[in-house]
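Undergrad: Sending over a structure as structure tokens; questions will come in a sec.
The values are calculated or read from the model by the stated rules, or taken from the named source; none is laboratory data. Here the structure is a predicted model, which means the values were calculated and not measured. Cβ placement follows ideal geometry from the backbone for every residue including glycine, while neighbour counts extend to all protein chains displayed. For accessibility, only protein heavy atoms count, side chains too; no ligands or nucleic acids. Shrake-Rupley method; radii C 1.70, N 1.55, O 1.52, S 1.80 Å.
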Amino acid sequence: MLTLLAFLFALTLLIAVHEYGHYRMAVAFGVPVLVFSIGFGHTLYRWRPQNQKPGQNTEFRIGALPLGGFVQMLDSREGDVPSSQLALAFDRQSVKARACIVAAGPLANLLLAVVLFSALAWWGHPKILPIIGRVEAGAPADLAGLQAGDRVLKVGLQEVKDAQHLRALIRGDADPQDDVKETEEGSIQDAIWEIDRQGQRLSLAVKPVLKALPGQPEASAVKRIGAVVGVPSDTEWVKAGFWEGWVQGFGKVAQITQMTGQMIGQMLIGEASSKHLSGPLTIAEQAGQSAQRGWPSYVSFLALISVSLGLLNLLPLPMLDGGHLMYYLWESLTGKPVSVAWQRGLQKVGLALLIGVMSLAFFNDLTRLFT
């Protein structure tokens with residue numbers, strides 16, 4: 001039951017935000033919005049707010065099938081429009097106005113993800129401190145003089161953020177954006193460690209050595225110091241400041257966008273498997289699992305899916321917002337709109353591609369569930 005409720009809430013929220021983006025931008029350009037619907041099929045509930053802007057008399061609906069939504073604007077291509085309102089119709093707006101209205105939906109999803117990720121940063125998260133635990137006798141940590149309870153402050157010139165960061169510094173695979181000294185081979189130099197031992201600052205020369213785990217081949221060896229790094233019980237709650245939270249939110253969305261773009265590109269050229277595609281069954285399962293782990297995990301799930309929905313709708317497929325943006329790009333370059341015949345043909349191709357992708361994603365869902 002929790003899985004179903006979490007999935008339905010996620011769908012409703014993300015679709016509502018997407019359509020609201022279209023709606024607000026249309027209102028900003030003065031285009032009358034006739035219907036704002038969350039869900040398809042039989043209308044369960046409808047209403048008309050009394051405090052709408054002049055020229056707007058939008059009917060809001062809740063549909064029985066919560067797998068999408070739509071915003072129906074005044075458009076002379078879809079019916080007769082009184083001559084007094086013809087200039088307000090969507091199809092009579094400038095290319096810039098139409099592009100803004102269409103792009104506002106996906107951008108609203110991306111903005112929602114920024115807000116959710118920022119909110120998580122403001123709320124905070126537990127951070128495992130870079131404290132040395134048990135030290136193996138005769139290991140590099142022991143030979144350097146490290147003791148259990150020492151808190152590592154710096155490795156060379158690099159300030160240590162947390163236990164995970166310290167492990168990465170030891171292995172030599174720290175974030176390349178960090179200000180870390182590197183050798184020609186790209187690994188971290190052996191420099192001096194600065195530690196805090198019961199309030200006293202000490203400098204120790206720690207030299208990690210290559211070592212494989214027991215039973216593992218030598219080729220899998222990584223740099224180790226022979227000590228437990230980061231004790232789970234030693235944690236502190238870390239909160240981001242107001243501006244830092246926004247920076248983290250935008251950064252997270254940018255990172256996911258880049259990773260998604262790379263994955264799509266790799267799938268198109270055959271370097272990545274199409275099994276990475278997920279459909280509604282997998283999303284529903286993830287919604288339930290994240291909700292069970294607690295609200296921070298569920299909020300993170302909502303943000304991730306919101307980014308995915310925004311990017312999906314920006315793909316240049318005729319049935320999606322990205323396809324319409326491609327039409328407007330053509331119109332802005334040539335001065336002529338894409339012909340109705342071409343639009344109809346491209347929509348058929350786009351619909352076929354979209355059905356193919358959705359079918360593949362659904363097949364992947366079934367494969368994951370029954371294997």
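Undergrad: For segment 311-328, name all the residues that are in contact (Cβ under 8 Å) with a residue 60 or more places away in the chain and either over 22 Å from the mean Cα position of the chain (by Cα) or open to solvent by less than 60 Å² (accessible area, probe 1.4 Å) (or both).
TA: LEU311, ASN313, ASP321, GLY322, HIS324, LEU325, TYR328
Undergrad: Evaluate the following for PRO32: is it surrounded by 15 or more Cβ atoms within 10 Å (Cβ to Cβ) and closer than 22 Å to PRO337 by Cβ? It would help to see each step written out before you state the result.
TA: On the way: surrounded by 15 or more Cβ atoms within 10 Å (Cβ to Cβ): yes; closer than 22 Å to PRO337 by Cβ: yes.
It is true that PRO32 is surrounded by 15 or more Cβ atoms within 10 Å (Cβ to Cβ) and closer than 22 Å to PRO337 by Cβ.
Undergrad: Name the single residue, out of those in segment 17-29 being part of a helix (DSSP H, G or I) and open to solvent by 30 Å² or more (accessible area, probe 1.4 Å), that is nearest to SER297 (Cα to Cα).
TA: Filtering segment 17-29 down to residues part of a helix (DSSP H, G or I) leaves 17-28.
If we keep only those that are open to solvent by 30 Å² or more (accessible area, probe 1.4 Å) too, we end up with 17, 20, 24-25, 28.
Working: VAL17: 20, TYR20: 25, ARG24: 30, MET25: 31, ALA28: 35 Å.
So, considering only residues that are part of a helix (DSSP H, G or I) and open to solvent by 30 Å² or more (accessible area, probe 1.4 Å), the one nearest to SER297 (Cα to Cα) is VAL17.
Undergrad: Scan segment 242-263 and give yes if some residue there is touching a Pro at 6+ places or on another chain (Cβ under 7 Å), among the aliphatic types (A, V, I, L, M) and surrounded by fewer than 16 Cβ atoms within 10 Å (Cβ to Cβ), otherwise no.
TA: Initial filter on segment 242-263 (touching a Pro at 6+ places or on another chain (Cβ under 7 Å)): none.
No, that holds for no residue.
Undergrad: It is to be established whether one or more residues within segment 175-198 are modelled with pLDDT under 85, under 14 Å from ALA144 (Cβ atoms) and either out of contact with any helix residue (DSSP H, G or I) (no Cβ under 7 Å at 6 or more places or on another chain) or small (Gly, Ala, Ser) (or both).
TA: yes
Undergrad: Suppose the filter is within 17 Å of the chain's Cα centre (by Cα), open to solvent by 50 Å² or more (accessible area, probe 1.4 Å) and modelled with pLDDT of 90 or more; does SER308 pass it? Lay out the reasoning, then the answer.
TA: On the way: within 17 Å of the chain's Cα centre (by Cα): yes; open to solvent by 50 Å² or more (accessible area, probe 1.4 Å): yes; modelled with pLDDT of 90 or more: yes.
Yes.
Undergrad: Quick check, is ARG46 at pLDDT 90 or above, part of a strand (DSSP E or B) and either farther than 24 Å from LEU112 by Cβ or small (Gly, Ala, Ser) (or both)? Write out each step before concluding.
TA: Details: at pLDDT 90 or above: yes; part of a strand (DSSP E or B): yes; either farther than 24 Å from LEU112 by Cβ or small (Gly, Ala, Ser) (or both): yes.
Here the answer is yes, as ARG46 does meet what is asked.
Undergrad: Does segment 272-296 hold any residues that are open to solvent by less than 40 Å² (accessible area, probe 1.4 Å) and part of a helix (DSSP H, G or I), and which are they? Break it down into steps so the answer makes sense when it comes.
TA: Applying the first criterion (open to solvent by less than 40 Å² (accessible area, probe 1.4 Å)) to segment 272-296 yields 272, 279, 282, 284, 287-288, 290-291, 294.
Answer for segment 272-296, where residues must be open to solvent by less than 40 Å² (accessible area, probe 1.4 Å) and part of a helix (DSSP H, G or I): THR282, ALA284, ALA287, GLY288, SER290, ALA291.
Undergrad: I would also like to ask the following. What's the number of the condition SER118 fails, among (1) within 30 Å of TRP295 (Cβ to Cβ); (2) polar (S, T, N, Q); (3) surrounded by fewer than 17 Cβ atoms within 10 Å (Cβ to Cβ)?
TA: Tallying (1) within 30 Å of TRP295 (Cβ to Cβ); (2) polar (S, T, N, Q); (3) surrounded by fewer than 17 Cβ atoms within 10 Å (Cβ to Cβ), SER118 fails exactly one: (3).
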